[in-house]
Each structure stands twice: as C-alpha cells, then as structure tokens.
There are 2 protein chains.
Amino acid sequence: MKLSKRGEYALRALIDLGIASELGWPMLQASELATKEKLPIKFLEQIFTQLKAAGYVKSRRGKFGGYSLARPMSQIKFGTVIRLIDGPLAPIRCVSQMAYVRCSCPDEVHCGLRMLMLDVRNAITKLLDRYTLADIVEITLRKLRRDKVTPPFLSRSTKLRSVLPPMVNRLGDGGLKFNSVGPTSGRRRK
Amino acid sequence: MKLSKRGEYALRALIDLGIASELGWPMLQASELATKEKLPIKFLEQIFTQLKAAGYVKSRRGKFGGYSLARPMSQIKFGTVIRLIDGPLAPIRCVSQMAYVRCSCPDEVHCGLRMLMLDVRNAITKLLDRYTLADIVEITLRKLRRDKVTPPFLSRSTKLRSVLPPMVNRLGDGGLKFNSVGPTSGRRRK
DNA sequence: TCTATTTCCTATTGATCTAGTAGGGATATG
DNA sequence: CATATCCCTACTAGATCAATAGGAAATAGA
C-alpha cells in the first residue's frame, strides 16, 4: 500500500508537465523541475528515461532542450503509469487482473482474505484507472486560480508571459468529486 | 500498494482462528495452520508473537497448546492489523491520517498528486477500517456452507465432531456487498 | 569551429526491507 | 521423564530503494 519515491516523482513530473503545457509552456527542463520540486536531478533523469521509453514524454536535447508530453493528457491514466513504475496495483497478486499469480491458500474461491483484498484492489483501480492527467491538471489549475497562486515552475526569470493564456475549462465546477483536502483533517469548521 | 507476506500470513491466521473458533474450535496450533495453509512455521511463529504482543491473540504452551483469539472478532479491524504489521495504509505519507509526514512538494494544498492520493487512501481505509474479522469470518462461513465445503484446518484426525455446531447467523443474506469473485475474471459464462 | 548546455547511458553504492532459517530455551501434558 | 508446544534471539541471502557518479552525445549560439 505504498507508492515509491520513483513513482511519486514520475507522477509529479507528469502533472507539472501537464500544467505547464496547459499554460502555454510545453517544455520543461529536468533541472528546472528538480529544483522547484526539490527532487534529485540525476534520479529524475532516470525516471524521465523510463517515461520516455514508455511513450509518455518526448525530449529534446542540447541547449534549450527539455521534456514535454508525448500524448494527449486525457490518454494518460494514473493507474497505467504507476503499474509501469511500481508494478501491480493489487495488494496481493491473487486479486490482480493485470498480473495474476495464484497464491498459496488451499481454496481461492472461499478465501476470505481474497474477497476483502479484491474489494481493496477494485477501490484502488476504480480511482487510478479512471482519472487521467487531464483531470488532475484541470482540477489543480482551478484550485490555483481560485486562490490566485502561480505554479512555482512558471516563475521563470526570462520570457515569462505577463498574462496567462486563456484556459480551457471543459468541466463545470465540481465536475470531479475529490474530497476537499484540509491539512491533516481532524476538526474542520472549528 | 502491496501487502507483505508477513501481513498476508497474519491476516490469514486471524481469519482461520476466527473461523475455527466460530465452529467451536477455539484454539489452533501454529504447526497445524502452517501445514494447512502452506506457510513456513518459524516465520508464522514470529508473526504470532507480534499479534500476541498487540493483544490480538493469546497462547497456551506445552502439549495441546496453541493460539486463540484474545478479543471479540467484531473488535478486530483489518486496517489496524495491517498498520501494525506493514505500517501506514496511505500510498504516500502526506495523506496519511495516522502517520502524517510532510512531503517535499512546495505547496501541499494545491498539489494534484496529493488530492488524488488522498482519495486513494480514503478508498482503502473505508474498506479496511470498516470491515472486522467478524464480518469476513461470517461471509466466508456462509460461502463455505453454501458450497458444502469443510474448511481444511478442521479436518483434524482425532476428536473432530461429526456434526458442526449450530452457527450464529446475525446478518441476512447479502448483508455485506462483496463483489462476487470469479477466478481471474476474463471470460465468465463461456 | 568552439563552448556551454542539455539529455542520454551505464555503473555503483549504502541503506533498508523481505522472507525467511537456525537453534535452542521455557513450559505444559501424560 | 519424554514429548510437544510456544518463546526468544540471532542471523542471512537476496531484493529493492533511492540515489550518486562520470561521462558521452546532441544541440544552440558566438
């Protein structure tokens, strides 16, 4: 039940790439991303290599090079990316659809643990296989605008446009039902 | 997104202990459980030690010793057990309620990844913190009876009662809504 | 062409975790 | 006392994680 750092950085990178591109900045440099999000550069490079090999990003090298998304954000599902980097989503292999392995229990059909874990698996994949990069980018942008905050990797020194390009807003407000966040939860309305 | 073997065996042990006890067999031996479920004995012993220290099981040693549940099954939640053995349920610590740790991202409130992972965490805990051992044991027993199967660890050589004791059946059929299982999915009705 | 900047590629490493194994001690039964 | 059980400590081979290191190849501008 854990996302590796590698996986976490990969998703962060994709999301940032998505946000930047949506704001008219289709290409980001690894170093840029690393400093802003405080990730180790060399590690991030490795991750990009992996993402590139899988067709999620493309790159340009040399001066003013960088990485950009290689396909439409609406076709990048989180589940698929996580599977690529961290392996199967299921808590135990005997409930994995994509990478099933029989377990050691004598009777799989009547295994209570399996029933429970199948539900857990389904709950996880229901979210991760449904939401795409487009969804998350959209929601994040909405939040950022609502609170009048500029995403950090856009505070570039040179050539930063003073006015943000008009944003697409395909969904009505409240389209996706993310639980509102609130720090560590606990009490909410005082 | 993964349950360790240690965690898996712990849950298996508890479930079997629950089933056995519900059938009038309050105590099981580690060796017995290990052979029937095909788990390494010594490893299982270690796990029992841990479960005992946390108050889930109690033990009796010497000849005819064994392990039994130390508290009512309805008070044993899966989430708690897994947290004990495998640590936090949340995919990343910054969305963990029980073991929150701030992550490296510059702005937690506007972090898209965090929003998504919070949903995943909630989906997981919603299941694991709701279902108790009592629930799973009940469902499993129902399934076993429906299909007229005897749980393997009850096929003990000596002193096995010929007639199973009357079972409690506190819930109407279909009370808990587990997805019906079906082998590896794929095609179903040929 | 030369230099600076970027991605690309391969190898290595220290730390931690996983899934056990090993060996024997303490305790209970008959 | 013999036997069966849990109890306790230590150890380990292997994998995985999260980087780090060093340089090669490509690109842009002077």
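Determine whether segment A:69-76 contains at least one residue that is hydroxyl-bearing (Ser, Thr, Tyr) and away from DNA strand D (no atom under 14 Å from the Cβ).
yes
The requirement of being closer than 25 Å to B:Val95 by Cβ and away from DNA strand D (no atom under 16 Å from the Cβ) is not satisfied by A:Met1.
Within segment A:1-42, the set of residues being among the aromatic types (Phe, Trp, Tyr) and over 25 Å from B:Ser96 (Cα atoms) comprises A:Trp25 only. Of the candidates A:Leu84, A:Leu141, the single residue that is touching a helix residue (DSSP H, G or I) at 6+ places or on another chain (Cβ under 8 Å) and either of a type in the set (Lys, Arg) or within 16 Å of DNA strand D (Cβ to nearest atom) (or both) is A:Leu84.
Scanning segment B:1-46 for residues that are closer than 24 Å to B:Ile124 by Cβ and either within 9 Å of DNA strand C (Cβ to nearest atom) or over 13 Å from the mean Cα position of the chain (by Cα) (or both) yields B:Met1, B:Lys2, B:Leu3, B:Ser4, B:Lys5, B:Arg6, B:Gly7, B:Glu8, B:Tyr9.
For segment A:91-103, the tally of residues that are out of contact with any Cys (no Cβ under 9 Å at 6 or more places or on another chain) and at the interface with chain B (Cβ under 8 Å from one of its Cβ atoms) stands at 2. Cβ-Cβ distances below 9 Å connect the following pairs, each with a first residue in segment A:116-145 that is facing chain B (nearest Cβ under 7 Å) and more than 30 Å from B:Ile136 (Cα to Cα), a second residue that is assigned to a strand (DSSP E or B) and of a type outside the set (Gly, Ala, Ser), and a separation of six or more residues or different chains: A:Tyr131/A:Lys77.
So, of the residues in segment B:62-109 that are of a type in the set (Gly, Ala, Ser) and assigned to a strand (DSSP E or B), which turns out to be surrounded by the most Cβ atoms within 10 Å (Cβ to Cβ)?
Step one: list which residues in segment B:62-109 are of a type in the set (Gly, Ala, Ser), which gives B:62, B:65-66, B:68, B:70, B:74, B:79, B:87, B:90, B:96, B:99, B:104.
Filter once more, keeping what is assigned to a strand (DSSP E or B): B:66, B:68.
Values: B:Gly66: 21, B:Ser68: 15.
Filtering first and then ranking leaves B:Gly66.
If a residue has to be more than 9 Å from chain A (Cβ to nearest Cβ) and either buried (at least 19 other Cβ atoms within 10 Å of the Cβ) or more than 14 Å from DNA strand D (Cβ to nearest atom) (or both) to count, how many in segment B:17-30 make the cut? So the count comes out to 9. Is it fair to say B:Ile41 is hydrophobic (A, V, I, L, M, F, W, C), within 11 Å of DNA strand D (Cβ to nearest atom) and in contact with a Cys (Cβ under 9 Å, 6 or more places away or on another chain)? It is false that B:Ile41 is hydrophobic (A, V, I, L, M, F, W, C), within 11 Å of DNA strand D (Cβ to nearest atom) and in contact with a Cys (Cβ under 9 Å, 6 or more places away or on another chain).
If the condition is being exposed (fewer than 14 other Cβ atoms within 10 Å of the Cβ) and assigned to a helix (DSSP H, G or I), then segment A:47-57 contributes A:Thr49, A:Ala53.
Only the coordinates and a few stated rules stand behind these numbers; no lab work does. No experiment lies behind these values; they were computed from the predicted model shown. In this analysis, Cβ positions are derived from the backbone assuming ideal geometry, glycine residues included, and neighbour counts consider all displayed protein chains.
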